[in-house]
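Quick one: the structure is below, questions incoming.
The values are calculated or read from the model by the stated rules, or taken from the named source; none is laboratory data. Fair warning: this is a prediction, and the values are worked out from it, not measured in the lab. Side chains are part of the model used for accessible areas, which takes the heavy atoms of the whole protein and leaves out ligands, DNA and RNA. Shrake-Rupley method; radii C 1.70, N 1.55, O 1.52, S 1.80 Å.
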Amino acid sequence: RTTTIPTPLGSAALDDPPSTDLITTTATTTVTVTAMSSPTEHQLTERQLQAIEDEIKSTQPLTSIRLPIDALIHQYQSSSSSDDDDDLDDDNGFLQSAKLLAEKYTHLRRVRGDGNCYYRAFLYALAERLLRRMEGEEISRLKDKVSNSMEWICGNGYEATTIDMFHEEMVDLFDFVAALAYDVDSGNHHNHNHNNNNNNNSNNNDNNYDHPLEDALSKLHERLNEENATSDYCTWFLRILTASQLKSHPDRYLPFLSADSTDSSFTSAAAATDRLGNDGTVDLSVFCAREVEPMGKECGMVQVAALAECLGARVVIEYVDGRV
């Protein structure tokens, strides 16, 4: 017997559904064949969504390795050169945008496009920045902020038993980053002393020395790329922090959630209609339940601001849409 738990596109599935429509069981003396009835439209849709999700998982890591920014330029150059018009290279807005980004940045990381990409990118960038800059005080501040957030979150309508595991994973991630930063600092002191003791050795080879920061970043990358683990748990917890921030400061965010049903923050007309309260204003609880809490839901600018302000982080958005 096979039980499939359907999950939304981009969320973490505990088990892959069966790949066949025919389940066959064989024994020494009997053969039992159970055939499924004709699939309904809903079943077909679920299978299509699962197929898309499986393809995304097989082709895109949660977060890529660190790539040179030129990779983005090459991507758009290839796209332009495939067109019949050779003059499009210079006119391609995406290519021009990539070149502008190359003037400001040296590297990039690609994030899986599963609807969780902004939260996942925020999580990875925050952890990597803390580790690279060895910001011990900032790590402690953020850990304390998250550690002490349970009462505040529960006051915004969430059950402690529901979020406890995700909360612990987020706290543990900050402990993990702090431990890596300590190891890097200790390793740097060790290498400094080692170099001083060998500065007269003409055969000294840098390749013989450890690289504590690179090792630490590799460990962080490995942890944040494990499927159905830290990255997914913390991504969902960031969603809960975002929703709690929105609910805690309605006067701050409601003006940006227009009651206009064409508001692009909502993915459907039904969502735009159902979110309205009796006075025609936005119902933040409905908005959060539909657009913030579920895994796989894209992040709008209101959510970007709420998460940044909740954690006291500065976020820079580079928007590439083909227009320069």
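For L108, what residues show an amide H to amide H distance below 5 Å, using hydrogens built from the backbone and excluding near sequence neighbours?
L67, I69
Let me ask you something else. How much of the accessible area of region 142-182, probe 1.4 Å, is carbon plus sulfur, in whole percent?
The computed percentage sits at 52.
Exceeding 27 Å between C-alpha atoms, which entries from my cross-link table qualify? They are K219/K247; K145/K247; K99/K219; K104/K145.
Violating the 27 Å Cα-Cα cut-off are K219/K247; K99/K219; K104/K145.
When the Kirkwood radius is taken over all Cα pairs of region 284-324, what Stokes-Einstein diffusion coefficient follows at 4 °C and 1.567 mPa s, in µm²/s?
For these conditions, the coefficient is 109 µm²/s.
List the residues whose amide H sits under 5 Å from the amide H of A313, counting only those 5 or more places along or on another chain, with H placed 1.01 Å from N in the peptide plane.
Hits under the 5 Å cutoff: none.
Over region 130-176, with the other protein chains present, what is the accessible area per residue in square angstrom, probe 1.4 angstrom?
For region 130-176, the solvent-accessible area averages 56 Å² per residue.
Can you list the HN-Hα couplings for region 104-116, worked out from phi with the Karplus curve (6.51, -1.76, 1.60; θ = phi - 60°), rounded to whole Hz and with x for Gly and Pro?
The phi angles translate into 10, 10, 10, 9, 8, 10, 8, 10, 4, x, 10, x, 9 Hz.
Could I ask something else about it? For region 303-312, just list the computed ³J(HN,Hα) in residue order, Karplus coefficients 6.51, -1.76 and 1.60, θ = phi - 60°, integers in Hz, with x standing in for Gly and Pro.
5, 4, 5, 4, 5, 4, 6, 4, 9, x
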